[in-house]
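I have placed the structure first, in the form of structure tokens, so that the comments after it can refer back to it.
Bear in mind these aren't lab numbers, they're just calculated from the coordinates by the rules spelled out. As the structure is a prediction and not an experimental result, all values here were calculated from the model. In this analysis, Cβ positions are derived from the backbone assuming ideal geometry, glycine residues included, and neighbour counts consider all displayed protein chains.
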Amino acid sequence: MTASTHILVVDDEPEIAGLLRRYLSAQGFEVSTAQGGTEMRRILAEAHVDLLLLDLGLPGEDGLALMRSLREHSSVPVIVVTGRGEPLDRILGLEIGADDYVTKPFDVRELAARVRSVLRRTSERPARFGPRAFTDTVRFAGWTLHLDARRLESPHGKTVELTTGEFELLATLAKSPGRVHSRDELLAATRNREAGPFDRTIDVQIGRLRRKIEADPQHPELIKSVRGAGYVFTSKVS
């Protein structure tokens, strides 16, 4: 992570945007700011962005709607920065593709740590997960997961977009087929932190992942729940 790592801050409050620009720039990042969706889309079209810090409480265009629109054509990592502290808002943000969230007011040091964590998960090779040595390709049930390219290919040969969290979660599970992973293990492997008593991050990510790879997400055959224990990847892997 160097000055070439480009972070886009989307926040309509000049004080917060300015604070984040100054602090993250001092940490060695290149930082751009946008006050809303129109400016955000312009910057994304003109420059490469490595990570997005997105405020949900934007005027004129709801941040959740903006997040949905973004995920239709981009897998750029997103950390939601919001004053909406309700659990439902955080869950919705994760449901539609956010990689992490921070609620206002926040400590800039914690936010910077979250930024580095998400960037590490984006840039590091997922081979660090699990005890088995894998090639750069994992195949299961007709699907192909390209670990080095961080790309998922469907049985029909189409690329399926995954968020950073979804990719890390699938890589972790697929590289340990038949092993039950607790939520704490999965959260530590994919987000470098422990689960809180009411943390539903992994459940939300699993639900989104199932909608992308399961023939019937309501009756999953690839990623199964183990009551009181966690989740297990049940497909044969090669």
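Using a/c under 1.5 as the rounded threshold, could you call the chain rounded, prolate or oblate? The axes a ≥ b ≥ c are square roots of the C-alpha gyration tensor eigenvalues, and prolate needs a/b larger than b/c, oblate otherwise.
prolate
How much length would be gained if the chain were fully extended between R211 and T159, taking 0.36 nm per residue of separation minus their Cα-Cα distance, in nm to one decimal?
17.2 nm
Under 17 Å from a point placed 7 Å out from the Cα of H48 along the Cα-to-Cβ direction: which residues of region 1-30 have their backbone N that close?
Answer for this model: 1-8, 29-30.
Write down the radius of gyration of region 6-123 and its Dmax, each obtained from C-alpha positions, in Å.
12.8, 35
Between 0 and 90 degrees, rounded to the nearest ten: what's the tilt of helix 37-46 against the longest Cα principal axis of the chain?
70 degrees
Out of V10, L56, V232, whose Cα points farthest toward the positive end of the dipole of the chain (charges: +1 Lys, Arg; -1 Asp, Glu; placed on Cβ)?
Final value for the positive-end residue is V232.
What is the magnitude of the charge dipole of the chain about its Cα centre, with +1 placed on the Cβ of each Lys and Arg, -1 on the Cβ of each Asp and Glu, and no other charges, expressed in debye to the nearest 20?
1000 debye
Which residue, T33, Y23, A65, has the largest displacement toward the positive end of the dipole of region 6-123 when charges sit on each Cβ (Lys, Arg +1; Asp, Glu -1)?
Y23
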